[in-house]
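Take a look at the structure set out below.
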Amino acid sequence: MAIRTIIEIPNPILKQVSAPVESFDDDLRNLVADMFETMYDAPGIGLAAIQLGVALRVLVIDLQPEDEGAEPEVCTAHEGHEHSHLPHRREPRVFINPEIFNFSEELAVYNEGCLSVPEIYAEVERPSRISARWQDLDGQRHEAEIDGMLATCLQHEMDHLEGIVFLDRISRLKRQMAIKKLEKMRKAA
Ligand code: NI
């Protein structure tokens, strides 16, 4: 496993349309392992393979930022030397070749961010409930109705597969302001 470099806007790679995964092999497992490691390190809650420069329809999501605000728990697993540590609450999810086949009319607004658009947040409106199907690392097919934060996150990540970032979904004026802010921050850094 390795932490890879996250590609940021305006790198044109992020505008590529990603291709379906056909081989559920060790290369795919390694890619997904690196995606999780990179996402947790960033830290972020979702990542598409194209953000690492790999144009495949692969997403990872974990809505549980590990340990954040968690109270230490006493660990009794090691007899004789009781100690406390932070609970592990990771909830890793992998979506390969995801598709949405139903959208609710009802919309939800979330303040979105993106590891490819560092430090910038903007409210984006998306369908609040979706029906999605996808494959897992073994190629097994899954289908579910999804709502809440996961519905928003999955739609945000699926946009990356089409070469779309969340800034493309806000008004031009807001987008220009966000890009200016990002350029300013980069200069200051
Ligand atoms: Ni993103």
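The values are calculated or read from the model by the stated rules, or taken from the named source; none is laboratory data. Model, not experiment: these values are computed from the prediction. FYI the Cβ positions are ideal-geometry reconstructions off the backbone, even for glycines, and counts take in every protein chain you see.
Hey, Asn111 hits all of (1) polar (S, T, N, Q); (2) surrounded by 11 or more Cβ atoms within 10 Å (Cβ to Cβ); (3) in a strand (DSSP E or B) but one; which does it fall short on?
(2)
Are any residues in region 10-27 in contact with a strand residue (DSSP E or B) (Cβ under 7 Å, 6 or more places away or on another chain) and buried (at least 18 other Cβ atoms within 10 Å of the Cβ), and if so, which ones? Full working, then the answer.
Of region 10-27, the ones in contact with a strand residue (DSSP E or B) (Cβ under 7 Å, 6 or more places away or on another chain) are 18-21.
Listed by number, the residues that qualify are Ser18, Val21.
For region 152-189, which residues satisfy the criterion of being acidic (Asp, Glu) and more than 15 Å from Gly46 (Cα to Cα)? Even if it seems obvious, please write down each step before you answer.
Initial filter on region 152-189 (acidic (Asp, Glu)): 157, 159, 162, 168, 183.
Hits for region 152-189 are Glu162, Asp168, Glu183.
So, of the residues in region 114-124 that are touching a residue at least 24 places away in the same chain (Cβ under 8 Å) and exposed (fewer than 15 other Cβ atoms within 10 Å of the Cβ), which turns out to be farthest from the ligand (Cβ to nearest atom)?
Applying the filter and picking the extreme gives Glu123.
Taking region 145-189 as the search range and keeping residues that are outside any helix (DSSP H, G or I) and within 15 Å of the ligand (Cβ to nearest atom), which one is farthest from Phe101 (Cα to Cα)? It would help to see each step written out before you state the result.
First pass over region 145-189, keeping only residues outside any helix (DSSP H, G or I): 145-147, 162-165, 170-171, 189.
Filter once more, keeping what is within 15 Å of the ligand (Cβ to nearest atom): 162-165, 170.
Values: Glu162: 16, Gly163: 19, Ile164: 19, Val165: 21, Ile170: 24 Å.
Among residues in region 145-189 that are outside any helix (DSSP H, G or I) and within 15 Å of the ligand (Cβ to nearest atom), the one farthest from Phe101 (Cα to Cα) is Ile170.
Looking for whichever is modelled with pLDDT of 95 or more, out of contact with any Asp or Glu (no Cβ under 9 Å at 6 or more places or on another chain) and over 27 Å from Gly139 (Cβ atoms) here; the options are Glu66, Glu71, Glu8, Glu82. Which one fits?
Numbers: Glu66 fails: modelled with pLDDT of 95 or more; Glu71 fails: modelled with pLDDT of 95 or more; Glu82 fails: modelled with pLDDT of 95 or more.
Selected residue: Glu8, the only one of Glu66, Glu71, Glu8, Glu82 that is modelled with pLDDT of 95 or more, out of contact with any Asp or Glu (no Cβ under 9 Å at 6 or more places or on another chain) and over 27 Å from Gly139 (Cβ atoms).
Could you check Pro43 against (1) away from the ligand (no atom under 13 Å from the Cβ); (2) closer than 16 Å to Glu91 by Cβ; (3) surrounded by 14 or more Cβ atoms within 10 Å (Cβ to Cβ) and say which number it fails?
(3)
List, please: which pairs have Cβ atoms under 8 Å, are six or more places apart or on different chains, and start with a residue in region 158-169 that is hydroxyl-bearing (Ser, Thr, Tyr) and end with one that is more than 10 Å from the ligand (Cβ to nearest atom) and in a loop (DSSP other than H, G, I, E, B)?
As it stands, the answer is none, since no pair meets every condition given.
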